[in-house]
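Down below is the structure, laid out as structure tokens.
The values are calculated or read from the model by the stated rules, or taken from the named source; none is laboratory data. Keep in mind that what you see is a predicted model, and the values were worked out from it rather than measured. No Cβ is skipped: glycine too gets one built from the backbone with ideal geometry, and neighbour counts run over all protein chains shown.
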Amino acid sequence: MAAIGSDSKTTTLSSFAGKFGRYMRSPSTRMAAFVGLLTYLSYAYAHGSWTNAALIGVSIFIGVFLPSYAKLSNKAELWANNRFGFVTGGRLGRFIPQYAFNLAVFWIMAWGGALNRDGIASVGGIASAALITSLASQGVQYLGLYLFARGVGDANRNVQIGLSFVIVLTALGTAGLPFAREAFLALGLGLGAILFGIGLLSDIRSLVAPKGGIGMFFGTFNPFHNTHLAIVRRAIAERGLEKVIIHPTLIPRQHADAFRKGQLRVGRLENGFQIYETTDKADVNVDYLPTGNMFLPPETRQALIELAVAEAGLGDKVELAFYREIYDTRGFQGVIAEIKRRYPGARMHCLHGTDFGGMLVRQICDECGWIYPWRILRRDGVSATAIRKGATGMTSDVVTDVLEQLTANRPVVTAGGRRFRNDNGVLTEGP
């Protein structure tokens, strides 16, 4: 009995040690520790608080809990997006907890005597300092991810550089140092105006959009279901669209990057779906698979969209685009540029839902010029996630038929008068 207990304890300790080791190796953990240390050094230097207990405590707290706080901010933004479907709402959802956090940090440091009171007063007090810091932090994060989406730098590194700059400038600015104070105020107010201004313009365009033009509908479509068809039909009717161009994701940029770094892998095939798994190289603080880990191959999703559109009688109103080389190198930004090139002068509309993927598409469209968003609040309970878990009645007859044949692992799949070879879930049309 003692030996069994000993083995059990050894296994438990070994498991804990493994998890702790992965946590310590996590880039997010190292980034948080760096931010905590930089916070201490910046404020200690600017405010002369090298031995202040409040500053030391706040810095340690930031260094330990920053990854958890980041997850909370993400969830708040996702909730607001799903609830309201407006960009401004989502950004406020992220901004409010960040402002509350910064307000608490500044109050604790002021209460503990870690801050130069005259310096804080020179930027409008604690509430103003927290407001401007939050605006600047959100702005540089948005800028860092914007650059990453266009092939500039690494997502985590871009954000870390931006946040580091904000921390140093905030420390110097709230100490009342000449030029630093003005730069701090200008950065926060400027980035805040840009961040919320872009979102507000997007929301206004979505409400006052003129009719006519081309609709663009991007997403994983994993698989294409009844609500996707409903979105297309409603958008055509309400916006008077000449056509809707559907382009599915291939391998999303964040997944491609994780595969390249060995953080993700395809673990197995299940009912025609490829099951993505994280590896020991994965960052334990990062959610690599916010929409689930089951993916139909891109070629299969393309075939399902074609079959569903044809069955719905929308073939004359829907064009399926599949620009593999453009998507792989430039993402949906490149796809949008190609559509604009093919339809010069056409009014463009962006169709999207309000889930994580839908609002991500909305953000991409907002960054690519004057595109009119058309959003639908997801309230019907139809979900690709539920379908992947076995829910029925959410896909058209032809999609349901193909999914059943994939589940049965048939080497040849026939549907809609077409014949496909099934190679580990990849459908290729042919004899």
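Please pick out the residue among ARG378, ARG419 that is part of a loop (DSSP other than H, G, I, E, B) and either farther than 29 Å from ILE198 by Cα or at pLDDT below 90 (or both). Please lay out each step first, then the result.
Numbers: ARG419 fails: part of a loop (DSSP other than H, G, I, E, B).
Going through ARG378, ARG419 in turn, the sole match is ARG378.
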- Message: So for segment 210-225 (the condition being among the charged types (D, E, K, R) and within 19 Å of ARG362 (Cβ to Cβ)), does at least one residue qualify?
- Response: no
- Item | Residues located in segment 159-211, provided they are under 19 Å from TYR146 (Cα atoms), among the small types (Gly, Ala, Ser) and either crowded, with 18+ Cβ neighbours inside 10 Å or over 22 Å from the mean Cα position of the chain (by Cα) (or both) | GLY162, GLY188, GLY190, GLY192, GLY199, SER202
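Listed here are the residues, each with its yes/no results for (1) modelled with pLDDT under 85; (2) more than 16 Å from GLN141 (Cβ to Cβ); (3) touching a Gly at 6+ places or on another chain (Cβ under 9 Å); (4) among the small types (Gly, Ala, Ser).
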residue: GLY5; (1), (2), (3), (4): yes, yes, no, yes
residue: SER14; (1), (2), (3), (4): yes, yes, no, yes
residue: GLY18; (1), (2), (3), (4): yes, yes, no, yes
residue: MET31; (1), (2), (3), (4): yes, no, no, no
residue: GLY36; (1), (2), (3), (4): no, yes, yes, yes
residue: HIS47; (1), (2), (3), (4): no, yes, yes, no
residue: THR51; (1), (2), (3), (4): no, yes, no, no
residue: LEU66; (1), (2), (3), (4): yes, no, yes, no
residue: ILE108; (1), (2), (3), (4): no, yes, yes, no
- THR385 versus (1) buried (at least 19 other Cβ atoms within 10 Å of the Cβ); (2) under 16 Å from THR220 (Cα atoms): which is the lone unmet condition? (1)
- Output for segment 57-84, where each listed residue is closer than 18 Å to PRO373 by Cβ and out of contact with any Asp or Glu (no Cβ under 9 Å at 6 or more places or on another chain): GLU77, ALA80, ARG83, PHE84
- Query: How about segment 84-106: which of its residues are over 20 Å from ILE198 (Cα atoms) and surrounded by fewer than 16 Cβ atoms within 10 Å (Cβ to Cβ)?
  - Reply: ALA100, ALA104
- Task: Return the residue satisfying two criteria in turn: it lies in segment 229-270 and is in a strand (DSSP E or B) and over 23 Å from the mean Cα position of the chain (by Cα), and of such residues it is nearest to VAL284 (Cα to Cα).
- Result: GLY267
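Quickly run through segment 381-408 and pick out the residues that are of a type outside the set (A, V, I, L, M), out of contact with any strand residue (DSSP E or B) (no Cβ under 7 Å at 6 or more places or on another chain) and part of a helix (DSSP H, G or I).
The first filter runs over segment 381-408 and keeps only residues of a type outside the set (A, V, I, L, M), leaving 381, 383, 385, 388-390, 392-393, 395-397, 400-401, 404-405, 407.
After this cut, where a residue has to be out of contact with any strand residue (DSSP E or B) (no Cβ under 7 Å at 6 or more places or on another chain) as well, the list is 381, 383, 385, 389-390, 392-393, 395-397, 400, 404, 407.
Selection gives THR385, ASP397, THR400, GLU404, THR407.
Please report, ordered by residue number, the helices (runs of 4 or more DSSP H) entirely within segment 28-130 with at least 1 residues that are under 27 Å from THR291 (Cα atoms).
Details: elements: 53-84, 87-111, 117-122.
Fully inside segment 28-130 and qualifying: 53-84, 87-111.
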- Message: If PHE148 satisfies all but one of (1) touching a residue at least 12 places away in the same chain (Cβ under 8 Å); (2) surrounded by 17 or more Cβ atoms within 10 Å (Cβ to Cβ), what's the number of the condition it fails?
- Response: (1)
- Message: Looking at the structure I just gave you, is ILE339 assigned by TED's automatic domain parsing to the domain that holds GLN274 and either within 23 Å of the chain's Cα centre (by Cα) or part of a loop (DSSP other than H, G, I, E, B) (or both)?
- Response: no
- closer than 18 Å to ILE305 by Cβ, in a strand (DSSP E or B) and in contact with a Ser or Thr (Cβ under 8 Å, 6 or more places away or on another chain) - does that describe any residue in segment 349-369? no
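For every residue, the table says whether it meets (1) in contact (Cβ under 8 Å) with a residue 60 or more places away in the chain; (2) surrounded by fewer than 17 Cβ atoms within 10 Å (Cβ to Cβ); (3) in contact with a helix residue (DSSP H, G or I) (Cβ under 9 Å, 6 or more places away or on another chain).
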residue: ASP328; (1), (2), (3): yes, yes, yes
residue: GLY331; (1), (2), (3): yes, no, yes
residue: GLY345; (1), (2), (3): no, yes, no
residue: ASP355; (1), (2), (3): yes, no, yes
residue: GLN363; (1), (2), (3): yes, no, yes
- Are there any pairs, at least 6 apart or on different chains, whose C-beta atoms fall under 7 Å, with the first in segment 271-289 and over 26 Å from LEU72 (Cβ atoms) and in a loop (DSSP other than H, G, I, E, B) and the second at pLDDT below 80 and of a type in the set (A, V, I, L, M, F, W, C), and if so, which? none
